[in-house]
Amino acid sequence: MQRGLVTYKIYRALSYGVSPFIRLHLRWRRFRGLEHLQRWPERLGHPSLPRRPGPLVWFHAVSLGEGMIAIPVIKHCIQRMPHLNVLMTTTTLSAFEVLSNWLPTEVILQFSPVDIPASISSFLHYWKPNAIILMESELWPNLIMDASKNGITLALLNARISEKSFNLWSGSLFLPLISLMLSKFSLIVPLSTEQGLRFQLLQAPPYIINFSGDLKYVIEDIAVNECGKRNTDDLRLQLSHKQVWMASSIHRGEEEIILGVHTVLMQLQPDIVTIIVPRHPQHGREIAKKLEREGHNVVLRSQHERFKPETNIYVVDTLGELRQLYTLTPIAVIGGSFLPGLSGHNISEAAAAGCAILTGRHVGHFSHMVLEMQQTNPLSVLQVSGKQELERSLIELFTDTTLLEARRRAAKEAICMLSNGIVTNIWSLLNFHIFSRLFTEMKPPNIIAKRL
């Protein structure tokens, strides 16, 4: 513990020393359009919205994926405790733009403060959270130590540590620090038993580690405005006489694999339409320009163009629409998994939409999700090794409607079984380890006596 404190003091001093450069870096990011033009000071702990009176719980998710899995938990907490104020923070601009439309209206949405002493201190002093619930792997020393110093209860949901981070934290230099940080939590809920073992090896107290299931399995219906619904329905009508498949969450380099497969499929199925959804919208625009130069007839989603008879590639360069787009296709190929160094993406949204799911072999911490779904139903997820195997599998699905329907049904049934009860389990753990203790401490002694 003493070594951990020494390491933390060194980290704090270093983070204080680089604070001016971090402020300059944020201004540079704002200039490049990577930070919000008006609300970027929130990253330095300066609020832009009022703090309502009453108890407040702060949920933090670094980006869109983590933010989406927090929404069902937030909704359940608000339903069970209507008096509770909920503050949600995220780091990325893309996540902020999407979550601002999907979070319950009573949730306060801000950008998260960078982990430098002044920003964390300013943020905690203004918002005065009674509890902080971090999503997945947001382990920041200044945030955790300052929260503990101020008596703020900490929880880590869907907790995970990548193999690279685990190797770093478990080394002799940083193990004392991570052990100290994890000791400040009241609850850690790993997304899998393998992740639970990693936290134990990093010396998290065993009694705070509890399991509930992976929140990424939980897919809630998101309200879509009338314009968005009409847009999706119109696109479905345009695709109704086509053979459709989608490649989603595509990373740079993977488009070459997808387009190579598309060329092969076009020779066998001239009415094929390939929907390409890159991980980043700018990548989608680059793909569309390249294909147009090569003579392909491409429709770019942001341009709202209609399909022509010869259109066979649809490139999505927007954010926050993947769930709706999955309903347009019977087959989903999940990217971020076909090249070494990649680590997969969430397959549950495609499964919930009833897609037959294919993915590559490089799935990182999503390997437990692939394995659990396959154990629930072997037909639910098909892993392929590369371009040729992907070609053969897609040809088989397009030519065998019985197999296609069996895989679609298997994926949906598997996700329904695996998601059952997870949010309720999370709520029970939060209520026992966080909320019951928190609000007992907040009640005057005479009220507690009456209850007893």
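The values are calculated or read from the model by the stated rules, or taken from the named source; none is laboratory data. Predicted model only: the values in this text are computed from it and were never measured. Positions of Cβ are generated from backbone atoms using ideal geometry, with glycine treated the same way; all protein chains shown enter the neighbour counts. Areas reflect the complete protein model, heavy atoms only, side chains present, ligands, DNA and RNA absent. Shrake-Rupley method; radii C 1.70, N 1.55, O 1.52, S 1.80 Å.
Tell me, what is the per residue accessible area of the range 1-155 in Å², probe radius 1.4 Å? Intermediate values should be presented prior to the final figure.
Working: 7000 Å² over 155 residues.
Result: 45 Å² of accessible area for each residue.
Can you give me the Cα centroid spacing of the range 143-171 and the range 247-304 in angstrom?
Between the Cα centre of the range 143-171 and that of the range 247-304, the gap is 39 Å.
Taking the chain as the reference, fit the longest principal axis to its C-alpha atoms, fit the long axis of helix 281-293 to the helix C-alpha atoms, and give the angle between the two in degrees, 0 to 90, nearest 10.
20
With a Förster radius of 60 Å, plug the Cβ-Cβ distance of Glu305 and Tyr207 into 1/(1 + (r/R0)^6) and report the FRET value to the nearest 0.05. Before the final figure, lay out the partial values.
On the way: r = 58 Å, r/R0 = 0.96.
The formula returns an efficiency of 0.55 here.
For a 20 Å ceiling on Cα separation, which of these pairs sit above it: Lys184/Lys216; Lys75/Lys412; Lys242/Lys308; Lys229/Lys290; Lys75/Lys229; Lys149/Lys216?
On the way: Lys184/Lys216 25 Å; Lys75/Lys412 23 Å; Lys242/Lys308 12 Å; Lys229/Lys290 30 Å; Lys75/Lys229 23 Å; Lys149/Lys216 32 Å.
Listed pairs above 20 Å: Lys184/Lys216; Lys75/Lys412; Lys229/Lys290; Lys75/Lys229; Lys149/Lys216.
Which whole-Hz ³J(HN,Hα) couplings does the range 298-303 yield from phi under the Karplus relation 6.51 cos²θ - 1.76 cosθ + 1.60, θ = phi - 60°, glycine and proline marked x?
Going residue by residue, I get 10, 10, 9, 4, 5, 8 Hz, with x marking Gly and Pro.
Under a 5 Å amide H to amide H cut-off, with H placed in plane at 1.01 Å, what residues pair with Leu109 once short-range neighbours are removed?
Excluding prolines and chain starts, which carry no amide H, the hits are Met88.
Kirkwood Rh and Cα-based Rg: tell me the resulting Rg over Rh for the chain, rounded to two decimals. Spell out each step's value before the answer.
Values: Rg = 23.5 Å, Rh = 23.7 Å.
Reported Rg/Rh (Cα atoms, Kirkwood Rh): 0.99.
For the chain, with all protein chains present and a 1.4 Å probe, just round the carbon and sulfur fraction of the accessible area to a whole percent. It would help to have the intermediate numbers written out before the result.
Details: 11610 of 20910 Å².
That fraction is 56 percent.
Within 10 Å, count the other beta carbons around each residue, average over each peptide in 21-33, 341-353, and list them highest first.
Working: 21-33: 12.9, 341-353: 22.3.
Highest to lowest by the protection proxy: 341-353, 21-33.
For a quick check: with amide H placed at 1.01 Å from N, whose amide H comes under 5 Å from His36's, ignoring anything fewer than 5 positions away on the same chain?
Distant-sequence amide H within range of His36: zero hits.
Give me the aspartates and glutamates in straight-line cross-link reach of Lys164: C-alpha distance below 17 Å, same-chain residues under 8 apart excluded.
Glu136, Glu138, Glu194
Please determine, in degrees from 0 to 90 and to the nearest 10, the orientation of helix 387-399 with respect to the longest principal axis defined by the Cα atoms of the chain, where the helix direction is its Cα long axis.
The angle comes out near 70 degrees.
With angles folded into 0 to 90 degrees, how steeply does helix 226-238 sit against the dominant principal axis of the chain? Use alpha carbons for both and round to 10.
30
Return the long-range amide H neighbours of Asp317 (sequence gap of 5 or more, or a different chain), with a cut-off of under 5 Å between placed amide H atoms.
Arg301, Ser302
For the range 158-226, report the accessible area per residue in Å² (1.4 Å probe, heavy atoms, rounded to an integer).
Numbers: 3180 Å² over 69 residues.
Counting only protein heavy atoms, the per-residue value for the range 158-226 is 46 Å².
Could you run the Karplus curve 6.51 cos²θ - 1.76 cosθ + 1.60 with θ = phi - 60° over the range 35-51 and give me ³J(HN,Hα) per residue in whole Hz, x for Gly and Pro?
10, 5, 4, 9, 9, 4, x, 4, 5, 9, x, 9, x, 10, 10, x, 8
Ordered by residue, what ³J(HN,Hα) values in Hz, to whole numbers, does the range 257-266 give under the Karplus form 6.51 cos²θ - 1.76 cosθ + 1.60, where θ = phi - 60° and Gly and Pro are x?
Per residue, the Karplus-derived 3J(HN,Hα) values read 5, 5, 5, x, 5, 4, 4, 5, 5, 4 Hz.
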